[in-house]
Amino acid sequence: EKGGFRSFMDKEIDEQPQAVADTLLGRTDAAGALVLDELRIDEEALKRVSKIVLVACGTASYAGMVAKYAIEHWTRIPCEVELAHEFRYRDPVVDDRTLVVSISQSGETMDTLMAVKHARELGAMTIAICNTHGSTIPRESDAVLYTHAGPEIAVASTKAFLAQITAVYVLGLYLAQLRGGTYADEAQAVMKELHEVPAKIRTVLDAMGRVREIARFMADSPAVLFLGRHVGYPVAMEGALKLKELAYIHAEGFAAGELKHGPIALVEPGQPVFVVVPSPSTEHGLHGKVVSNIQEIRARGARTLVIAEEGDESVVPFADEIISVPTVPTLLAPLLTVVPLQVFACELASAKGLDVDQPRNLAKSVTVE
Ligand code: F6R
């Protein structure tokens, strides 16, 4: 049932274009407007929402972090992301105008379930983003928006992550449309761009030969760092988590802007650092700032592995390796830039002879607090 792949993880990484396409399917009408009747939720109450809190654990929480950038931009509704287990036990400010969005592949994660129950007790409206029909978290929520990634067998999450970002984006665009804000008109345009993403993920997957080679060379690395900024920051965190989980290598993800506030002290000659570079078209000159970061760490001897938009020549002088991804609007970039990091972790772990589907000490769903 691995369909010719060496592991479920390899198969699931390869299924990501479909996971995104299926999660978009049926969520727009013929005119391109978002239709989420499946939510069966009071639209007037949704229009009154004054704050959104995204709760999740692990990889799903990184989908939440990505979503914060997008949802605030599209809706102007203040949006927080919190690890479900932290949210639950700290007296959060939540009321009947708060929308709590949980994100969970399994729908059974106890930490996330407890956060949802707590939010409901406090009067919040709750929407579950979930990959598993009939699971507990959707049942305990006011509404559910399913991701359609299909069953995820490998313990570490890959295709569910891309489907989660897709679904939470659909929800954010729907809210923008519903509230008629600045981005109401743009929601359809973004949906069009999203529909082009699966083919671009395939382009990334088809070009992974060099990433696999690098991963095999790096099997003995004691530590790997990951830097990203804006939506590339949660991508860096996810890249580090995948490497820890699959290859048992010490890995850390940082916001690139934090570099000079501490982490740059870790950089010594030969230290591998992945850098997720924003598109040159990203607002506020973020691209240039990250290119400067690459220059800074390279000057201290780092081995720079740079993920950049195709045709971005500015990284060439400072990159030991360049991994190119197709052009997409900045907010959609995580759906492409995380893929090489998943492949890297999976390949490196396989090179070490590890079981990538069943990493040590981990369970597919964590049903205890
Ligand atoms: C990472 C991973 C975990 C899960 C987390 C939440 O590869 O699989 O971090 O993402 O345990 O699980 P769900 O999404 O089932 O709530």
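With respect to Ser102, determine if the residue is within 16 Å of the ligand (Cβ to nearest atom), closer than 20 Å to Ala236 by Cβ and among the hydroxyl-bearing types (Ser, Thr, Tyr).
The answer is no for Ser102.
Quick one: which helices (runs of 4 or more DSSP H) lie wholly within the range 155-264 and hold at least 2 residues that are in contact with a strand residue (DSSP E or B) (Cβ under 8 Å, 6 or more places away or on another chain) and within 16 Å of the ligand (Cβ to nearest atom)?
159-179, 232-247
Can you go through Val101, Val66, Val116 and tell me which one is under 26 Å from Leu336 (Cα atoms), of a type in the set (A, V, I, L, M, F, W, C) and touching a Ser or Thr at 6+ places or on another chain (Cβ under 9 Å)?
Numbers: Val66 fails: touching a Ser or Thr at 6+ places or on another chain (Cβ under 9 Å); Val116 fails: under 26 Å from Leu336 (Cα atoms).
Testing whether each residue is under 26 Å from Leu336 (Cα atoms), of a type in the set (A, V, I, L, M, F, W, C) and touching a Ser or Thr at 6+ places or on another chain (Cβ under 9 Å) leaves just Val101.
Within the range 77-127, count every residue that is under 16 Å from Glu140 (Cβ atoms), within 20 Å of the chain's Cα centre (by Cα) and charged (D, E, K, R).
Number of matching residues: 2.
Which of the residues spanning the range 197-212 are more than 15 Å from Gln16 (Cα to Cα) and among the polar types (S, T, N, Q)?
Selection gives nothing.
Please give the number of the condition His148 fails out of (1) under 22 Å from Glu15 (Cβ atoms); (2) within 13 Å of the ligand (Cβ to nearest atom).
Result: His148 passes all but (2).
Among the candidates Phe274, Phe254, which residue alone is under 19 Å from Lys352 (Cβ atoms) and among the hydrophobic types (A, V, I, L, M, F, W, C)?
Only one candidate qualifies: Phe274.
Read the figures in this text as sums done on the coordinates, not as results from a lab. Only a predicted model underlies this, so the values are computations on that prediction, with no experimental measurement involved. Neighbour counts run over all protein chains shown; Cβ positions are idealised from the backbone, glycine included.
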